[in-house]
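Read through the structure below, which is laid out as structure tokens, and then see the notes.
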Amino acid sequence: MTQRIPQIQIVPATATETPVVLEMIRGLADYEKLEHAMTATEDQLRQSLFGPKPGAEVLLARWGNEWAGFALFFPNYSTFLAKPGIYLEDLFVKPHLRGKGIGAALLREIASLAVDRGCGRVEWSVLDWNEPSIGFYKKLGAIPMDEWTVFRLTGEALQQAGKR
């Protein structure tokens, strides 16, 4: 799985690129103004993405000789479709390289993977203030699922809910 568009190359990340993945996550956290919430380290990423039980997959995009962006995704499942799906957790392109088709190339690669894997859909969330991304996704044909509200358990609430 390697996709080439004139100066864009999309490749699956390997453990060797763990520092690049961390750099992209830091860029995303900065863009989303969530630096305070980011605690990921290279060691954690190496273990959770490339260890014996990978929790997700990562695609990296290059523009010429520069790492330009990434997409991190993992499988989910639709009970109504009775098919697997892909959940796109993060999509990020460095600000100075936006508008060159890199984000679209990453999404096309994920859509191709979904088709190849027999998936029924690709889903993701976007912050409601992120109008540039919302416009970009709509242009690609994605539709917002406005009737759904995302819930999350984390930290102490997760620990309490997980007690047996």
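The values are calculated or read from the model by the stated rules, or taken from the named source; none is laboratory data. No experiment lies behind these values; they were computed from the predicted model shown. When we count neighbours, we look across all protein chains shown, and the Cβ atoms used for this are built from the backbone with ideal geometry, even at glycine.
A few remarks follow.
- Failed criterion for Ala157 (all others in (1) out of contact with any Asp or Glu (no Cβ under 7 Å at 6 or more places or on another chain); (2) at pLDDT below 95; (3) closer than 19 Å to Met24 by Cα hold): (3)
- Odd one out for Ser48, checked against (1) among the small types (Gly, Ala, Ser); (2) within 29 Å of Glu131 (Cβ to Cβ); (3) over 12 Å from the mean Cα position of the chain (by Cα); (4) modelled with pLDDT of 95 or more: (2)
- Residues that are surrounded by fewer than 16 Cβ atoms within 10 Å (Cβ to Cβ), modelled with pLDDT of 95 or more and part of a loop (DSSP other than H, G, I, E, B), drawn from region 1-15: Thr14
- The condition of being at pLDDT 95 or above and buried (at least 18 other Cβ atoms within 10 Å of the Cβ) does not hold for Met38.
- Selection status of Phe151, of a type in the set (Phe, Trp, Tyr), modelled with pLDDT under 95 and farther than 27 Å from Ile8 by Cβ: yes
- In region 16-35, the qualifying residues are those that are free of Cβ contacts under 8 Å to residues at least 40 places away in the same chain and surrounded by 13 or more Cβ atoms within 10 Å (Cβ to Cβ), and the one that is nearest to Arg117 (Cα to Cα) is Thr18.
- Matching entry among Leu91, Leu72, Leu28, Leu34 (being of a type in the set (A, V, I, L, M), over 15 Å from the mean Cα position of the chain (by Cα) and within 22 Å of Arg152 (Cβ to Cβ)): Leu34
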